[in-house]
1. Can you tell me which residues in region 77-118 are basic (Lys, Arg) and open to solvent by 70 Å² or more (accessible area, probe 1.4 Å)?
2. Looking at region 6-25, I want the residues that are at positive phi and have a partner that is at pLDDT 75 or above and surrounded by 10 or more Cβ atoms within 10 Å (Cβ to Cβ) with Cβ atoms under 6 Å, at least 6 apart or on another chain. Which pairs are those?
3. Would you mind stating whether Arg143 is within 26 Å of the chain's Cα centre (by Cα), closer than 25 Å to Ile48 by Cβ and either open to solvent by less than 10 Å² (accessible area, probe 1.4 Å) or modelled with pLDDT under 90 (or both)?
4. If you check Val261, Val177, which single one turns out to be at pLDDT below 70 and of a type in the set (Val, Ile, Thr)?
5. Please verify whether region 98-115 includes one or more residues that are at pLDDT below 90 and not in a helix (DSSP H, G or I).
6. State which residue pairs qualify: first residue closer than 17 Å to Pro335 by Cα and inside region 347-366, second residue at pLDDT 95 or above and open to solvent by 10 Å² or more (accessible area, probe 1.4 Å) in any location, beta carbons under 7 Å apart, and separation of 6 or more residues or different chains.
7. Taking the residues in region 66-76 that are of a type in the set (A, V, I, L, M, F, W, C) and in a helix (DSSP H, G or I) as candidates, determine which candidate is surrounded by the fewest Cβ atoms within 10 Å (Cβ to Cβ).
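The values are calculated or read from the model by the stated rules, or taken from the named source; none is laboratory data. The structure presented is a predicted model; accordingly, all values stated were derived computationally and were not measured. Note: ideal-geometry Cβ built from the backbone for every residue, glycine included; neighbour counts use all protein chains shown. Heads up: the accessible areas ignore ligands, DNA and RNA and are worked out on the full protein's heavy atoms, side chains in. Shrake-Rupley method; radii C 1.70, N 1.55, O 1.52, S 1.80 Å.
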Amino acid sequence: MKDFPDVRAKLGRLKHRGLAFLRKVFDTRKAVAAREAVIDQTHAVSLIDRLPNELLIQIFLLIRDERQILASVSSRLRAVVIGTPRIWSEIDVGRYYGGTRWLELHLERSRQVPLTISLYDDHPELDVALLHANRWRTLRILRCTRWSLSKISDVNLPSLQYLSIGIPASGDLLLMVHSCAPVLKCLEHGEGHVSLPRTLFRKFITESLEELSLTGATSSWESQQTSMHFPSLQRLALCNSNPMSFLEAILAPKLTYFSFVWECGAETCTRTYNEPLDELRSKFDNVTHLTLTLSPSQLAVGHVPFSLFKNLCRVFHGTRLADIHADYIPALFTPSQMVENPNDRCAIDDLTCLESLHIRSFPHSPPESFEHLKEWLMKRRNLGQRKLHFKLTHVYGVNDPVTLDPPFMLRQTFEELCASVELDRVSQLSRTPLLPTHCCEFTDL
């Protein structure tokens, strides 16, 4: 009997350990049940509802044209769509034809954010949009008449910074709209071809213009050298057959970027630059980026005059980056003795500060174009000139890269002649047979 107390003590300790084990089992079951509840709740929420509102807004801004559909998905998405003013900031007036009430509602939802207004025709709903003219940041005029333009010119557009006119327009039409936009930064006149008078920009408030794009003839400005001052202009784009008269007419000390699209016309420039050489070499010294491209409607440029591109390269001699469509290679890289003059200089030789060369859309160029380019690069190397950073881009159509398979080892040749080589959307075969360039395998983009 004297061992009985010890037995009772051991039994107590066992009961205590058993209770502790049971509590642990209970706590484990409770934790498992809580975890299962969280998992069940997670699976019950759709993927889109797990996204935060901030991310939803960024997505919806990319597809704002579908805002009506987005608002009908769920109460949460409707609240996000209606509560985000920027989603309602792009107004195509023509889409509200006969629906003034909807236009008023959408303008109300945009609150006080800047607006982008598009006019594709004459609509009475324009009067409603004009009530918010103080918020117009961007105005696109694509197909309307003086009825709409006169209404716009009767109001003040204190916030308008971007104006795009895509219809044939006279100079007074441009003045009509521009006169009510004192802080305009970007003016684009495209699609419609028109002869712009030389007095047009004398009447413009040009102090604020930073970007200017013009499509149309400018031959009437030929005798007006340095007659227009653009003190803030940084980017200039011209689409015509004779850019020289406009270049002679302007003074733009801050210009750093020039883009040109050559379109065949009766006024094609075949003369040399009129201004003295010293003034020529200082007038556009700040331009470091030269782009020669095609308009969206062009499939090819055809034959281009050597003298015109010779003049352009002389004017923009300080260019460091040249971005060139492959169709311009013959005019730029062919020695002039093969074209007009008895010397061995190419037009592009006048770009004496060139550091980077970007060629676009090469699959549609004839094989001899890249032979000219290769020979020019070899000439630079032999003369001890700076090696260039070279980029080749395939831009036709779409997503699939073109397969590069020319009659010479293009990449290897360029790597030997250039400081660096980049092929954008271009893949090269591991084995390169001697096939003509027009046999390249490429996917229509």
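1. At the first step, the residues of region 77-118 found to be basic (Lys, Arg) are 78, 86, 95, 101, 109, 111.
Hits for region 77-118 are Arg78, Arg86, Arg95, Arg101, Arg111.
2. Close Cβ pairs satisfying both conditions: none exist.
3. Values: within 26 Å of the chain's Cα centre (by Cα): yes; closer than 25 Å to Ile48 by Cβ: no; either open to solvent by less than 10 Å² (accessible area, probe 1.4 Å) or modelled with pLDDT under 90 (or both): yes.
No, not satisfied.
4. Values: Val261 fails: at pLDDT below 70.
Answer to the selection: Val177.
5. yes
6. From residues that are closer than 17 Å to Pro335 by Cα, there are no pairs.
7. Residues of region 66-76 of a type in the set (A, V, I, L, M, F, W, C): 69-71, 73.
Filter again for in a helix (DSSP H, G or I), leaving 69-71.
Numbers: Ile69: 11, Leu70: 19, Ala71: 17.
Filtering region 66-76 for residues that are of a type in the set (A, V, I, L, M, F, W, C) and in a helix (DSSP H, G or I), the one surrounded by the fewest Cβ atoms within 10 Å (Cβ to Cβ) comes out as Ile69.
Table: residues versus (1) at pLDDT below 80; (2) closer than 30 Å to Thr84 by Cβ.
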{"position": "Pro5", "(1), (2)": "yes, no"}
{"position": "Leu14", "(1), (2)": "yes, no"}
{"position": "Gly18", "(1), (2)": "yes, no"}
{"position": "Val25", "(1), (2)": "no, no"}
{"position": "Ile48", "(1), (2)": "yes, yes"}
{"position": "Ile57", "(1), (2)": "no, yes"}
